[in-house]
1. What is the residue count in region 63-74 for residues that are in contact (Cβ under 8 Å) with a residue 24 or more places away in the chain and surrounded by fewer than 22 Cβ atoms within 10 Å (Cβ to Cβ)?
2. Please give the number of the condition R150 fails out of (1) surrounded by 20 or more Cβ atoms within 10 Å (Cβ to Cβ); (2) under 19 Å from I251 (Cβ atoms).
3. Could you tell me whether N216 is farther than 20 Å from V137 by Cα, surrounded by 13 or more Cβ atoms within 10 Å (Cβ to Cβ) and more than 16 Å from the ligand (Cβ to nearest atom)?
4. Of all helices (runs of 4 or more DSSP H) completely enclosed by region 1-106, which ones contain at least 3 residues that are more than 10 Å from the ligand (Cβ to nearest atom) and of a type outside the set (A, V, I, L, M, F, W, C)?
5. Taking only pairs six or more apart or across chains, which ones have beta-carbon atoms under 8 Å, a first residue in region 184-205 that is within 14 Å of V154 (Cα to Cα), and a second residue that is among the acidic types (D, E)?
6. Which of the residues belonging to region 222-244 are polar (S, T, N, Q) and farther than 13 Å from V209 by Cα?
7. Considering region 190-232 alone, what residues qualify as being under 24 Å from N128 (Cβ atoms) and of a type in the set (S, T, Y)?
8. Of the residues that sit in region 219-236 and are more than 16 Å from the ligand (Cβ to nearest atom) and of a type in the set (A, V, I, L, M, F, W, C), which one is farthest from G158 (Cα to Cα)?
Amino acid sequence: MTRLTTNDIKDLYTSLQEWKVTLEKQTGLSLLNIAALAGDVSRGRVKSASWRLKVGVVPVTSGLGVIDTFAQNVAAIVELMQFEAFVTEQTDVAGIYEAYQREASIVFLADDNYFLAINTAKKQIVENSDATARGFVAALDGAAGGLRDRQVLVLGGGRVGQAALNCLKTHGAISVLYDTNKQVMADYAAAGGSILRSIKNMKDYELIVDTTPVGNWITADMLHPKVIFSAPGVPLSLNEEATASLQERLIHDLLPTGVITMLAMAC
Ligand code: 2YG
């Protein structure tokens with residue numbers, strides 16, 4: 001799983017409005033709709049939670065430490081969903097205590113391995129990989145006008161890829177996995193899953209969820225001319241030319257789609 005850097009996200013909160021408008025146009029869905037669909041919760045539940053629940057974001061110093069602006073960006077994305085949110089002054093355990101004292105019902109926090117949203121009022125804990133996969137599959141569903149009985153190629157069989165495969169099943173899609181790791185492919189095939197043997201056939205797929213953590217390896221001629229490419233994977237696999245040729249058929253961001261889905265699931 002890729003670790004974000006300050007450089008990746010330091011200006012993210014300045015482009016959140018643009019991200020919102022673009023994603024809503026690409027999917028034909030509001031952010032509330034995407035988050036609720038992805039989180040498999042009702043819009044009403046998210047809406048009413050936004051009036052009732054406060055969200056605290058706690059910077060965590062363990063491992064490689066705090067990523068400058070990470071907590072602030074998470075809070076800004078939560079506020080975009082009309083929730084009240086704050087970043088705690090304290091970090092780590094003191095920060096969790098502060099969030100509780102400031103009456104946060106949902107706490108977001110991340111170390112180098114897990115990024116969680118915890119609902120302190122009820123037994124609800126949400127992990128970013130699962131939420132991110134759900135969010136990008138929901139966005140693909142919107143952009144494709146439905147995934148039922150449609151072939152969807154999943155690139156990468158890691159934590160996000162496996163979550164995407166599970167989620168695609170609930171959308172009624174026919175998913176196919178490609179991973180460079182032969183063991184991952186063998187395990188998936190042994191469990192009855194369909195696999196793509198050669199990446200050369202990627203161009204047969206109009207719908208792709210790309211979870212790979214490798215950048216700049218896909219060129220436009222490797223893709224179906226009408227492909228819709230939903231890419232939670234960081235860095236983006238498409239090279240510059242492919243990115244330019246896809247335009248609004250590329251769904252990609254570094255943080256917000258996963259965070260709005262975590263929020264919906266934690267309500
Ligand atoms: O509190 C902080 O500032 C740091 N402890 C945050 C560390 C986050 C590390 N994880 C990542 O960078 C990504 N896995 C986050 C999710 C990326 C979008 N899928």
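1. 7
2. R150 satisfies every listed condition except (1).
3. Details: farther than 20 Å from V137 by Cα: yes; surrounded by 13 or more Cβ atoms within 10 Å (Cβ to Cβ): yes; more than 16 Å from the ligand (Cβ to nearest atom): yes.
Yes, satisfied.
4. Values: elements: 6-9, 16-27, 31-39, 43-52, 70-80, 92-101.
Those helices (runs of 4 or more DSSP H) span 16-27, 43-52, 92-101.
5. Short answer, once both residue conditions are applied: M185/D179; Y188/D179; K203/D221.
6. First, the residues of region 222-244 that are polar (S, T, N, Q): 230, 237, 239, 243.
Scanning region 222-244 gives N239, T243.
7. Hits for region 190-232 are T211, T212, S230.
8. If we filter region 219-236 for residues that are more than 16 Å from the ligand (Cβ to nearest atom), which is where we start, we get 219-229.
Still in the list and also of a type in the set (A, V, I, L, M, F, W, C): 220, 222-223, 227-229.
Working: A220: 24, M222: 22, L223: 22, V227: 22, I228: 21, F229: 18 Å.
For region 219-236, the residue satisfying everything is A220.
Throughout, read-outs are computed from the coordinates displayed, never taken from laboratory work. Being a predicted model, the structure only gives us computed values, none of them experimental. Note that each Cβ is placed from the backbone with ideal geometry, even for glycine, and that neighbours are counted across all protein chains shown.
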